[in-house]
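Only one structure is covered here, and it is reproduced in the block below.
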C-alpha cells in the first residue's frame, strides 16, 4: 500500500510562472461565460488571473469585490481551451481561492455552510450521513472486499437515487459485481473548489483509505465531478493511487462496443447531450456518452450548436458557483436549455447529476417544457 | 505602476463615484481596487491604474460623462476589448476608463445598401457571424478577431490576414457618430458609399486612438463573402528566399487573399501548442486565394510554380475547408504560442520592434536586416507577418524578469524602426502607436507632429481625451515607461 500521509496541494505561489505566461491578450473574452454576463474585466478569465496574481503579490487589498470575483468563475475551462498560451486558468483560480482562505477571506458565506454540512454529515446537503445508503435495494449487501466499486457520490445518493439504482440494475444485467462502500464520503469537490483545501484533503484521505482497505482496483462513478476529483485531484494531493477510475459512460460504452447489452425497449424521443465540464473539457470524455445515447433504440440524437469542447456550462460550476450565486447559475442554465430547445429536442441528457439538477431547475423556473435526464436512466429503462 | 500626475486633484473619489453613478447606474461604475487593478492592464507590457471605470450603455451617457470630465479636466480613456498591445487602452495619467463593451448592438444590417451600422462594443467575430447569414462580411481580419471590438478596430485602424486583398478598417468606414471632448455629439458624414463634401473627418477619426473623441456608432461598408478558397503552404530553407518568392507572386498579377510568412520559431511554437504538423523550415509562406473555383485553381497552381522556381523545399496545396480553418487558427495563435517554446519568463514581447511595414519590394532587405540585428544584439527574434502587404511582425524573445533584456529589446526596436523608415516604410502597420511606440513617432513623422498637435488642440483643447498616446504629449519618452514587469528587477519581487 502506498503512503497516503504525503499531502501535496499546489499553492498559488507555485503558479507564478504560469501566470507570467499570460500575455493578457484578452482572447478569453470570446468564451468566458461570466464575462459575457457582466461585461466587466474582473469577471473575465484574464481579469481573474490578474486578480490571482495581485493577490499572490499583495499588490491589491482583498476587498469584498475581489473575493466575490475570484468566485465568479464556473471553472468551466472554456478559457483553457481558447488560451493561445495554453494557460491552466482553472487551476490558478482554484489555487487563488485556497489563498483567499489562507488569508481569512474565503469561502463565501453560503459555501461555508455547505462545507459545515460536509464536515458533520459528509455530504453537502446536511442530510444524515447514516442515510447515505438508503437508496440501495433491500436485498443489497455491501461487501468488505471490493475490487470494483460503484462510487455513487452525494448527488446520486441523496438527490437522484434513481441514477444509483439504475446503475446497479445495469450492472446486474451485465453480470458486473460492483460494491458500494459503507464508508463512502463526499469526494470533496465543494471544498476543493471553494478554497477549503484542508477539508478536501481530509475527505480524499478518508476515501482513499476506504478504497485501500477494500482492495479496490476499479472505481466507477456516475458523477462527472466525483470522476474528475477521484481521478485527477486525489493523485494531485497524494501522489499516484492504486485504483483506476472510470466514468459509467466509459465503462458501459465498452460493453456496447462489444454488443453485450441486450436492449428490449425503445424510447422514441429526440434527445441532445449536454457535456458536463468535468467530463468534457476537464477530462476529454466526449465520445463515450454519445456512444451510449446513439445505441439506445428509438432515440433520435441531435447535437447542440455548442458541443464537446465548445459546450456551454450548465451554470452549476462544481456546485460551489451554484451555492454562492443561485440565480445566476439558473440564468446560465436557462440559456443552455434554450440552446437544447433550438435543436428541437424533448430531452436533454447529461452524465452529471449536478448538471441535471441545475438544468432541470433552470427549465422549471423559466417554464420551458423539456425533460432533463441521464443517459443511463434511459439505458436502464430499455433493459426492461 | 503609473504615478498619476494631474488626476482628480479637485475631486474626491467618492464624488467621482457619485457623479458617474448618477449619469449611468451604481452597478455600472467602479472605483474598487480589484476592478481598477484589472483595468490597469491591456495586452501591452504596461500597467497604469485608472481612477474609475464606467460602463455606459448609450451615447447620451457617454456625452454626459465626457462633459463632466472636461469641466473637471479628468482624462477619459475609451476602451474596447483591450486586446491592443501598445497600451492604447490604459490610463497613463489616471482618469476614467470608459468601457464600451456594453454597447454591443448591431443596429442595422442594410444589405441592399452594402452597409452595416453597429455600436462600438460589437465583437468582430460576432459581426461577421451575423453578416454571414446574408452571405456578406466585414473583411479586415485581425488576429484578435474573436475578442476585439469594432470600436477598437476603428480607433486603431486595425487589419490582419486579408488586408493584402481586402484592405484595412479605414477602407470600410463610411460614417461615424462621435462624442467630442466637450460632450457634443457629431456625425461625420451621411451613410453613403461615397461623398466628396469637405474635410473627411471620418478618416481622421479612424486611427485616432481615442485622442479626438469617443466613437459611439460606426457604419461600415460590407462585401459579399467569397465562396471558394484554396491554400498553399510553401517552405524555404532561407527566410530571404521566401521574401523573394513573395515579390514574384505580387508582380505576377495575382492578388492573394492572404499571404503570410512565419519563421522556424513561430512554426515550432504553433506545432507544439496547436498540434499542427507543419514542416519546420526556416521560412514558411501560407498563401490563400479566393474566388471562382476555376480561377483559384489556376492561381494556386501559378503561385505554387513561382515558389518552386524560387527554391521552395516543399509546396502543399489544398482546397479542404477544414485544413484552411486549422491553418489560420494556427497562424492566429502564433504570437502567444511562442511562450511555450522556452521557460515561462522567456516571453515574446510583441510591442518592441514589431508591426513594421515596408514596400513589398523591400521585404527581402527588411528580413535580412532583422536577421542581422538579431545576431548583432544576440537576441532571439521570431518573425512572421502579412508579408503580402509588406507588414512584418518581428518579435523579440526576452526574459521579462531581467532589466538587461528589456534594454536590449529597446535597442533592437529602435534599429528595426529606423531600418523600416530608411526602406521607405512605417513603424506601425496595424497595431497603432499607444504608449509603447509614442517615443518613436518622431522617427517617422517629426515634420507632422506640430500639425497633429494643432488638430488635437482643435478637438480637445483641455487634452482630456486619452492623453499620452500617439506621441502628442511630452510623456512618454521611454517605451519601457510604467513597465508591468519592472518589479522583478526593482528588487521588490523575485519570481518563484
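How many angstrom separate the Cα center of region A:225-292 from the Cα center of region B:23-70? Computed from Cα coordinates, the inter-centre distance equals 45 Å. Working note: Debye formula, equal point scatterers on the alpha-carbon atoms of region A:51-149, no solvent; log10 I(q)/I(0) at q = 0.25 Å⁻¹ is -1.27.
Would you please classify the overall shape of region A:225-363 from the alpha carbon gyration tensor, given that a ≥ b ≥ c denote the square roots of the eigenvalues, rounded means a/c under 1.5, and beyond that prolate means a/b larger than b/c while oblate covers the rest? Taking the square roots of the gyration eigenvalues as a ≥ b ≥ c, region A:225-363 is oblate.
Over region B:350-490, the pair-distance histogram of Cα-Cα distances with 5 Å bins from zero comes to 2, 10, 19, 20, 19, 14, 10, 5, 2, 0 percent, rounded to whole numbers. Where does the Debye-calculated log10 I(q)/I(0) of region B:329-426 sit at q = 0.15, 0.16, 0.23 Å⁻¹, using only Cα point scatterers of equal weight, no solvent? Normalising to I(0) and taking log10 leaves -0.55, -0.63, -1.19. Think of it as helices only: each DSSP H run of n ≥ 4 in chain B is worth -39500 (n - 2.57), and spread over all residues that comes to -9500 deg cm²/dmol at 222 nm.
Quote the FRET efficiency, to the nearest 0.05, computed for residue B:14 versus residue B:478 with a Förster distance R0 of 22 Å and r equal to the Cβ-Cβ distance. In this case the efficiency is close to 0.05. Inverting the pair-averaged 1/r between distinct Cα atoms of chain A gives 21.2 Å as its Kirkwood hydrodynamic radius.
Altogether, the Stokes-Einstein calculation at 37 °C and 0.692 mPa s, with the Kirkwood radius of region A:83-224 over Cα pairs as Rh, returns a diffusion coefficient of 200 µm²/s.
Among B:46, B:377, which comes first, then next, by fewest other beta-carbon atoms within 10 Å? Each step should come with its number before you reach the end.
On the way: B:46 27, B:377 15.
Least crowded to most crowded, the residues run B:377, B:46.
Ranked by how many other Cβ atoms sit within 10 Å of their own Cβ, fewest first, the residues A:160, A:227 fall in the order A:160, A:227. Legend: P(r) of region B:236-333 from all alpha carbon pair distances, 5 Å bins from 0, whole percents, reading 2, 13, 25, 24, 21, 11, 3, 0. Centre-to-centre, using Cα atoms only, region B:432-483 and region A:32-58 are separated by 30 Å. Can you grab the distance from the C-alpha centre of region A:9-31 to the C-alpha centre of region B:261-326, Å, no decimals? Centre-to-centre distance over Cα atoms comes out at 32 Å.
Take every DSSP beta bridge with both residues inside the protein assembly as shown and express the antiparallel ones as a percent of the total, to the nearest 5. Mind dumping the intermediate values first?
On the way: 60 of 87 bridges.
Once the DSSP bridges in the protein assembly as shown are tallied, antiparallel ones form about 70 percent.
With semi-axes defined as the square roots of five times the eigenvalues of the C-alpha gyration tensor, the equivalent ellipsoid of region B:196-238 measures 37, 19, 12 Å, largest first. Evaluated on chain B, the Kirkwood hydrodynamic radius is 23.3 Å, with distances taken between all distinct Cα atoms. The ranking of A:85, B:374 by Cβ neighbour count inside 10 Å, starting from the fewest, reads B:374, A:85.
Once the Cα gyration tensor of region B:1-133 is diagonalised, what are the square roots of 5 times its eigenvalues, in whole Å and ordered largest first, as equivalent ellipsoid semi-axes? Intermediate results must be reported in sequence, preceding the final value.
Values: eigenvalues 173, 63, 27 Å².
Values for region B:1-133, descending: 29, 18, 12 Å.
How many percent of the alpha carbon pairs in the protein assembly as shown exceed a separation of 35 Å?
Numbers: 209468 of 386760 pairs.
For the protein assembly as shown, the share of Cα pairs beyond 35 Å comes to 54 percent.
Each semi-axis of the equivalent ellipsoid for region A:168-230 is √(5λ) with λ an eigenvalue of the Cα gyration tensor; in descending order they amount to 25, 14, 8 Å. Both the radius of gyration and Dmax for region A:186-290 are 16.0, 48 Å, in that order, over alpha-carbon atoms.
All of the numbers you see were taken from the coordinates with simple rules; none came from a lab. All figures in this text were calculated on a predicted structure; none of them were measured in a lab. Positions of Cβ are backbone-derived with ideal geometry, glycine not excepted, and every protein chain shown enters the neighbour counts.
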